[in-house]
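To start, the structure itself, in structure tokens.
None of the figures in this text is laboratory data; all of them are computed from the coordinates on show. These figures come from a predicted structure and were not determined experimentally. Note that we place each Cβ from the backbone using ideal geometry, even for glycine, and neighbour counts take in every protein chain shown.
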Protein chains: 2
Amino acid sequence: MSASDQSGDHAADLLRLDEFLPYRLSVASNIVSETIAATYRSHFGLTIPEWRLVAVVAEGAGLTQRDIVTRTRMDKVTVSRSARALVDRGLLLRRARSEDRRSHELVLTDAGEDLHQRIGAQARAIERAIFGRFDPEELAGFDSMLRRVNDAALALLEGEG
Amino acid sequence: MSASDQSGDHAADLLRLDEFLPYRLSVASNIVSETIAATYRSHFGLTIPEWRLVAVVAEGAGLTQRDIVTRTRMDKVTVSRSARALVDRGLLLRRARSEDRRSHELVLTDAGEDLHQRIGAQARAIERAIFGRFDPEELAGFDSMLRRVNDAALALLEGEG
DNA sequence: GTAACATAGTTACAAATGAAACGAATTTGG
DNA sequence: CCAAATTCGTTTCATTTGTAACTATGTTAC
């Protein structure tokens, strides 16, 4: 990796894109996302933000949009639009909250639950197709790295502005 | 990882987003990209595609836009627009190719080379800030996983359409 | 040679995205 | 209480992004 390449020669001054981890992370992530997005769209007519909303609400019924923004770091406008689209399709319900009438509790309809089940199966199938070939130790390491990279970048981003 | 969670109980049917590797990959990648994009924009007035173009051309002067599309998997429209923006700013030159007048060889101007040096230093600083705390073995493993994930997803995407 | 096809790149248009302004409800400070 | 400030969510608008159509050049097959 180039960050650990601290030899003082001239070549070290050139940034090789292919060895630049953020670049590689981005490319890998985009290809995986494209693969998944293609499936969600063709099989279920859902965008990635919509599907994420379904997944999050399935895990924690009764969350507000604000809760979801906080959890997923999606933009609040994206969440708003996704929620509306899902409500329009009869997959999501908004229940009034007596304690705060600005926001609503989001819950899946039966159709929404059903869709979540089917997408979940599909999502795991893709995950298996991509990650299934690696051994558990490698995966655990990868997973742990992602979490720590996430935290480190977040600290940078929020720390420095 | 959830794909390896094959216990037969009910909870196994629920997809926990937080344990879904493609999701985690995407979130981590987005945060890292945001961090870097903020720096490029504020320090150099460059978008990420523009900066990538600079980096790729710096590595292989004389490439055509098509070459860059192939190498980086950027969209050809994105490459076209980035190239134009860089030419307008005096960072990039287009040299005619006698063998094919549809395309041009791209090379950095002196100003472009200079910018590349400065950005490179900055980019490595960010990489170090995010990835510098991990030990070389972990990084090597992470790097290798990214490459293999990339290849596996690509095979899926291109194989199945 | 030339008609059909393919390729590099741009342009025009449409969809997705996010920042800023806004309306409505709630909280805070006096 | 009530005015100011804050928060949740939506809407509006500008920017970004990519698909599709197009121009220009190049290649292939007859």
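Enumerate the helices (runs of 4 or more DSSP H) found wholly within region B:61-146, keeping only those where 2 or more residues are touching a Phe, Trp or Tyr at 6+ places or on another chain (Cβ under 9 Å).
Fully inside region B:61-146 and qualifying: B:110-131.
Can you name every residue in region B:54-73 that is more than 9 Å from DNA strand C (Cβ to nearest atom), within 15 Å of the chain's Cα centre (by Cα) and more than 10 Å from chain A (Cβ to nearest Cβ)?
If the condition is that a residue be more than 9 Å from DNA strand C (Cβ to nearest atom), within 15 Å of the chain's Cα centre (by Cα) and more than 10 Å from chain A (Cβ to nearest Cβ), then B:Val57 is the only one that fits.
Residue pairs, Cβ under 9 Å, 6 or more apart or interchain, first in region A:26-39 and at the interface with chain B (Cβ under 7 Å from one of its Cβ atoms), second outside any helix (DSSP H, G or I) and among the charged types (D, E, K, R). List them.
Every condition considered, the pairs that remain are A:Val27/B:Arg73; A:Ile31/B:Arg73.
Is it the case that B:Ala125 is without any contact (Cβ under 8 Å) to a residue 40 or more places away in the chain, under 30 Å from A:Ile36 (Cβ atoms) and of a type in the set (A, V, I, L, M, F, W, C)?
Spelling it out, it is not the case that B:Ala125 is without any contact (Cβ under 8 Å) to a residue 40 or more places away in the chain, under 30 Å from A:Ile36 (Cβ atoms) and of a type in the set (A, V, I, L, M, F, W, C).
Give the residues of region A:118-141 that are surrounded by 14 or more Cβ atoms within 10 Å (Cβ to Cβ) and closer than 17 Å to B:Arg16 by Cβ, sorted by residue number.
The answer is A:Ile119, A:Gly120, A:Gln122, A:Ala123, A:Arg124, A:Ile126, A:Glu127, A:Arg128, A:Phe131, A:Leu139.
Can you name the number of the only condition in (1) touching a helix residue (DSSP H, G or I) at 6+ places or on another chain (Cβ under 9 Å); (2) within 15 Å of DNA strand D (Cβ to nearest atom) that A:Arg101 fails?
Status for A:Arg101: all satisfied but (1).
Restricting to region A:106-117, and then to whatever is without any contact (Cβ under 8 Å) to a residue 60 or more places away in the chain and surrounded by 15 or more Cβ atoms within 10 Å (Cβ to Cβ), can you tell me which residue is nearest to the other protein chains (Cβ to nearest Cβ)?
Going through the qualifying residues, I end up with A:Glu113.
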